[in-house]
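These notes are about the structure you will find just below.
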Amino acid sequence: MRWSRYFLYTLKEDPAEAQAPSHKLLLKAGFIKQVSAGIYEVLPAGWRVLRKIENIVRKEMDRSGAQELLLTVLNPAELWKETGRWDTYGSELFRLKDRNGREYCLGPTHEEEITDLVRKVINSYRQLPVTLYQIQVKFRDEKRPRFGLIRGREFIMKDAYSFDADEFSATMSYENMKFAYDRIFKKLRLKVIMAEASVGQIGGTQSHEFIAFTPYGEAKVGYCENCGYAANAEIIPLQKPKEEEEEEKPMEKVHTPKVKTIEELSEFLKVPPSKIMKAVLYMVKDSQPVLVLIRGDREIDENKLEAVLGTEDFRLATDEEVQNLLGTSKGFIGIFNLPENIKVLWDNSLYGVKNLVVALNQPDWHYINVNPERDFQYGEFVDIAQVEEGDPCPKCGSPLKVQTGLELGHIFLLGTRYSEPMKAYFTDPSGEEKPIIMGCYGIGISRIMAAIVEQYHDEKGIKWPTPVAPFELAILCLNMSDPELTQTAEKLYIEAEEKGIEVIYDDREESAGFKFADADLVGFPYRIVVGKKVKEGKVELQKRATGERWDIPIEEVIDKVKEMIAEDKK
RNA sequence: CGGGGUGUAGCUCAGGUGGUAGAGCGUCGGCUUUGGGAGCCGAAGGUCGCGGGUUCAAGUCCCGCCACCCCGACCA
């Protein structure tokens, strides 16, 4: 490809709307263009990358025995009504009507459709197991699209679905997919951790997430370097700590005017936050008040709280509700003089803390040196604290590491969550009708492009790993008005093409510095610089990943690059 | 959905107290230059997000709407 003819235009300045490095660089280097919030066009160079990612995924899926097909974007509402998700999926579903008023949605995921397809085709255990997959555009009307390709409303995803006759076979399919995922992320050169995850809205019995560490992710992962345990932080259990051994001091009432936050209180009373009881009032289903108590240095994990409450329909109480129910204001909620109808949950972190600071349920007053048994009785203990760095590993007790990351893949052992309501049954060898056991396996293809940039970039631009680079080699002719240079560059370009290298030849009438900067930004893994050294029969070969440079005789350089590329792709 | 912010040239931005719209970069033409986003000369390019209002006069003041970005909750 000649760059002078190629639809690849870079930006000189950082795009104002982008924050995340991947978002910024993909826009700046001309890979994507924004059309609307969370909706992007993928330009030729970007599409080359995306197709390479797709093909790596496709190859490994095929290798695992899965079969590719293509489902639809436009899904009829009836299928979604069968599983109840037409109502429960909520406003994230893009809904529309056809000219006859029939309802459809733009598929955000395809469990319903695939189950419908399979039930129409499969009747017998002889047809099982089977795993089907597709690579397809999906639509989700996200509450908050952000960070470019990281969370879009329209995006490309690979989704696979397994169908098995029994639990054991289903588990085999699931494990098989785990291995395929492992191979995929290795080939993509992504550093990814597999973490146990909650099954969430999709439902099912087992689930794992594949998470790439980057600060721009939505997932928080806790992992143990000692035993290898890793899980989404929201499902990592935290036990009661050991009882503190501390002399109990006499309880005292202290005037704390306008001291509302834990921080202020800690400062005011010269007491560490871990000695303060934090009390937060929630309203469940808009009506049932639940008081959540947790140690002052801890945060509530609302995902854990949801699990404890058994509903997602809860929210923080408003100032008025706190006033009406407790006769106090936020910041002065405590455990004394509570009305009868309030449910109280104690987080494990509060167990055994001595000489606590507790609010009175009366503005501007706190008690200090409050002690269990002597001054109050514990209530129901639950686990609702956010996991933090250094918390004990639930498997081996070693301190956990906690990092944020981007969820690139998510696999679920679904069981009969979809096959049962949709009546996807088969007949087993004894003639009995049974629901098919399903699994589903997603990989965010467009998101992977962003994740790779997150993990492979520097201040100058992107550093594509060779297997996913838009071009493997760029040839830069530094002076287009010097025939000796253009002829050499031309010759090398043709040789590279003939030898099967994906090459872009920068034949634009631009200055040397301009071409260097562009090549760095776009991120080609290898670069041949055709410049002054041509007089000595040499050109310079540069490797983007490491910055290494070599002067190589013109006749040898293409073979040399070819070798290096082959090595990278192994 | 709650909170904050921004919308002026292709891009990044400037335009006190209202008075005919600017810069840098990019683009086009010309000359010069060619190993890290070159220099000089010239030119083109704008319903100032949209609608309404106040005013002799609105990019600027008022009201409404829209779009986009950021934080939070939620999600791949």
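For the stretch A:471-569, what % of the accessible area comes from carbon and sulfur atoms, probe 1.4 Å?
Of the solvent-accessible surface of the stretch A:471-569, carbon and sulfur hold 49 percent.
For the pairs A:Lys143/A:Lys285; A:Lys28/A:Lys178; A:Lys285/A:Lys395; A:Lys491/A:Lys569, flag any whose C-alpha to C-alpha distance is greater than 29 Å.
Going by Cα-Cα distance, A:Lys28/A:Lys178; A:Lys285/A:Lys395 fall outside the 29 Å limit.
Rank these residues by their accessible area, most exposed first, probe 1.4 Å: A:Ser419, A:Ser511, A:Ser266.
Result, largest first: A:Ser511, A:Ser266, A:Ser419.
Given the peptides A:67-74, A:20-27, A:174-181, A:210-217, arrange them by the average over their residues of other C-beta atoms within 10 Å, most packed first.
Result, highest mean first: A:20-27, A:210-217, A:174-181, A:67-74.
For the stretch A:252-382, what is the accessible area per residue in Å² when the probe is 1.4 Å?
Per-residue accessible area for the stretch A:252-382 comes out at 47 Å².
How far apart, in nm, are two points set 7 Å out from the Cα along the Cα-to-Cβ line at A:Trp550 and at A:Lys253?
Reported label-point gap for A:Trp550 and A:Lys253 is 8.3 nm.
Mind checking the angle between helix A:111-121 and chain A's longest principal axis? C-alpha axes, 0 to 90 degrees, to the nearest 10.
So the helix axis and the longest Cα principal axis differ by about 70 degrees.
Report in % the part of the accessible area of the stretch A:252-382 that belongs to carbon and sulfur, leaving out ligands and nucleic acids; probe 1.4 Å.
Of all accessible area on the stretch A:252-382, carbon and sulfur atoms account for 47 percent.
For chain A, divide the Cα radius of gyration by the Kirkwood radius and give the resulting Rg/Rh value with two decimals.
For chain A, the value is 1.07.
Listed here are the pairs A:Lys533/A:Lys570; A:Lys240/A:Lys270; A:Lys138/A:Lys304; A:Lys515/A:Lys535; A:Lys158/A:Lys220; which of them are more than 27 Å apart at the Cα?
Beyond 27 Å: A:Lys533/A:Lys570; A:Lys138/A:Lys304.
Roughly what would the spin-label model give for A:Ile342 and A:Leu269, points 7 Å off Cα along C-beta, in nm?
The two pseudo-label positions are separated by 1.7 nm.
Applying a 10 Å radius around every beta-carbon, put A:7-17, A:340-350, A:186-196 in order of their mean neighbour count, most first.
Peptide ranking by packing, descending: A:186-196, A:340-350, A:7-17.
Straight-line reach from A:Lys401: which aspartates and glutamates fall under 12 Å, measuring Cα to Cα and dropping same-chain residues less than 8 apart?
A:Glu225, A:Glu388, A:Glu389, A:Asp391
Grab the DSSP H runs of chain A that are 4 residues or longer, score each as -39,500 (n - 2.57), total them, divide by all residues and round the 222 nm result to the nearest 500 deg cm²/dmol.
Roughly -8000 deg cm²/dmol at 222 nm, from the helical runs in chain A.
Could you list, bin by bin from short to long, the percent of Cα-Cα pairs of the stretch A:428-570 in 10 Å steps?
P(r) for the stretch A:428-570, in whole percents per bin: 11, 37, 27, 9, 5, 5, 4, 2, 0.
With angles folded into 0 to 90 degrees, how steeply does helix A:167-187 sit against the dominant principal axis of chain A? Use alpha carbons for both and round to 10.
Helix A:167-187 sits roughly 50 degrees off the main axis of chain A.
Pull out the extension gain between A:Arg126 and A:Glu563, defined as 0.36 nm times the separation in residues minus the alpha carbon to alpha carbon distance; nm, one decimal.
Computed gain between A:Arg126 and A:Glu563 is 152.5 nm.
Could you state the angle between the C-alpha long axis of helix A:445-455 and the longest principal axis of the C-alpha atoms of chain A, as a value from 0 to 90 degrees rounded to the nearest 10?
Tilt of helix A:445-455: around 90 degrees.
Check chain A for me: any Cys whose beta-carbon has no other cysteine beta-carbon within less than 4.7 Å?
A:Cys105, A:Cys440, A:Cys477
Take the Cα pairs of the stretch A:486-553, get the Kirkwood Rh, then feed it into Stokes-Einstein at 25 °C and 0.890 mPa s and tell me D in µm²/s.
Here the translational diffusion coefficient equals 195 µm²/s.
In whole percent, how big is the carbon plus sulfur part of the accessible area of the stretch A:1-140, probe 1.4 Å, protein atoms only?
Roughly 51 percent, rounded to a whole number.
The values are calculated or read from the model by the stated rules, or taken from the named source; none is laboratory data. Nothing here was measured: the structure is a model prediction, and the numbers come from that model. Quick reminder, even Gly has a Cβ in these numbers, built from the backbone with ideal geometry, and neighbours come from all protein chains shown. Heavy atoms of the whole protein, side chains included, go into the accessibility calculation; ligands, DNA and RNA do not. Shrake-Rupley method; radii C 1.70, N 1.55, O 1.52, S 1.80 Å.
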